[in-house]
1. Using label points projected 7 Å from each Cα along Cα→Cβ, tell me how many nm separate residue 263 and residue 401, to one decimal.
2. Determine the gain in length on full extension of the stretch residue 410-residue 208; use 0.36 nm per residue of separation and subtract their C-alpha separation, reporting nm with one decimal.
3. In sequence order, what are the phi-derived ³J(HN,Hα) couplings for the stretch 149-165 according to the Karplus relation 6.51 cos²θ - 1.76 cosθ + 1.60 with θ = phi - 60°, rounded to whole Hz, with x for glycine and proline?
4. Given H placed 1.01 Å from N in the peptide plane, which residues other than close sequence neighbours of residue 20 have an amide H under 5 Å from its amide H?
5. Between residue 379 and residue 236, what FRET efficiency follows from the Cβ-Cβ distance if R0 is 30 Å, with the result rounded to 0.05?
6. Among 158/302; 156/401; 281/401, which pairs are too far apart, with a Cα-Cα distance over 20 Å?
7. Using 1/(1 + (r/R0)^6) with R0 = 45 angstrom and r between the beta carbons of residue 160 and residue 51, what's the FRET efficiency to the nearest 0.05?
8. Which cross-chain or sequence-distant (5 or more) residues have an amide H under 5 Å from the amide H of residue 428, H modelled 1.01 Å from N in plane?
Amino acid sequence: MTSPISTLSLVDTDPAKLAVDAVVIGTHSQDDGDDGRAALRLASGAESIAAAFDGRLTETLALLGATGAPGEVVKLATLGTIRAPLLAAVGLGPQPDGAALDGETLRRAAGSAIRALAGSATVAVALPLPDDALAPALRAVAEGALLGSYRFVGYKTKPQPHRRDPVASVLVRVPDARDTTAQAEVARATVVARAVARTRDWVNTAPNHLRPPAFADAIAAAAREVGLGVEVLDDEALEADGYGGILAVGRGSAAPPRLVTLSYQPPDGAGNGKRVALVGKGITFDTGGVSIKPAQGMWEMKSDMAGAAAVAATMLAIAQLKPAVTVTAYLPLAENMPSGTAYRPGDVVTMFNGKRVEVLNTDAEGRMILADAIARACADGCDYLLETSTLTGGQMVALGKRVAGVMGSEELRERVRAAGEAVGEPAWPMPLPEDVRKGMESDVADISQVNSGMDRAGHMLQGGIFLSEFVTEGVAWAHIDIAGPAYHSGEPTGYWTKGGTGVPVRTLIHLIDDIAANG
Ligand code: BES
Ligand code: MN
Ligand code: ZN
């Protein structure tokens, strides 16, 4: 099951003359009025529309309440002034002096406009795209529009008569629709947005429909379709190879665990010799296990496989974008359930790399399955290791719902932060302090899974420190904790819909491109 997103193409004709259902233009807010009131300005791209309104468009939009504030969408019937029957003005905030508009502002504006225009089949977007920096602005508008058109297909058995269908086709106005750079951006944005939509779909899928064997099958089928190498280890194979962490967590569920490995090789002779490993947490549902979670909000733990979904979808995009690096993804999948066969606090588990872990809280299950997958990735050999997971509630306490926490080796940690900033998926560097590591000494095993006194101080950091124990010396690595940003429980905003967000797919793709280009 995949939810459709809009198709995207370029036009270079006058938006006032386009036979579409709606046209989108931008507005700016400017606090320079003598009376201290905000003045509304039309953004560039809206010139021909403004002319068709005989110079009265700004005034009309202001009368309808437009202020140009980011996220604001004001719609008006065009009554024959332009060819499209509907015009939507989306706020872009103040116009920056000289500098180009920030990519995230454009991305969110495009997303807000396309969401507000559900019910219109075809929409032309005439937002400001600077001639001298067309590609990044076009990328932002294209991604924002496509992601704003996402809607989870869901499980309703009856048609919803009053629900307006998402926009099916978006035309972005550019100076030259045949420009190859612009066309390449459209192709890339389509691949990237489909990967984000796929991630959202997997996260939004009900957990009874996506237990580990079913999730493994879905990933394997999608990966084979795009020509990736696929290996699926079932519980017997995991047992034979000593994946103690994955097995311990998976044991509590009637649906057994899996380890899916996906591999991408660059086309002959195109590789730069670097090997990237991706690892994603795939807990298809996290009850907490024997250390059970409170009932309140537990259903959101269907999103505890968001890391695995993001990594799998990133691989699908990589197969199409064909970067010049080898990329291998490791996806440990398990369901964390309490039962007569479940692992328990006090257990000592021998992990894939032979280290022994003392379990103190079965709700810290993510690090158990990830440790095995990380150790396997290092045993296979890699130069860079990027792992992402909905690992700790502590991430949200520290950084909130929008900013991921990133831990790991210094240089890669900084590259993750920079990639996140570039794509609008902020991630902030966090340390791995020695005193927090000391608190995880175990009386009986090599390491405790959490602080041995159950002290929650440095909660997010305990997760990062635990994982670092399974990374081989010399591998550049980063752990991206996405507990907050992976799932959006609030009302839709910008290009974020309710539910799975698809974070950090765009960061991972950006970073792999960066490693392909710069090593
Ligand atoms: N999947 C959760 C973390 C989480 C919480 C993600 C809320 C998204 C939203 C993780 O497995 C977990 O339960 N972590 C515990 C760790 C603790 C037992 C050491 C936590 O954060 O409380
Ligand atoms: Mn848990
Ligand atoms: Zn979890």
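Laboratory data are not the source of any read-out in this text; all were calculated from the coordinates shown. Only a predicted model underlies this, so the values are computations on that prediction, with no experimental measurement involved. Don't worry about glycine lacking a Cβ; one is built from the backbone with ideal geometry, like all the others, and counts go over all protein chains shown.
1. Modelled inter-label distance: 4.2 nm.
2. Stretched out fully, the residue 410 to residue 208 stretch lengthens by 68.8 nm.
3. Here the 3J(HN,Hα) series is 8, 5, 9, 5, 4, x, 10, 5, 8, 10, x, 9, x, 9, 8, 7, 5 Hz.
4. 84
5. It comes to 0.95.
6. 158/302; 156/401
7. Computed FRET efficiency for residue 160 and residue 51: 0.70.
8. Under 5 Å from the amide H of residue 428 lie the amide H atoms of 404, 405, 406, each far enough along the sequence or on another chain.
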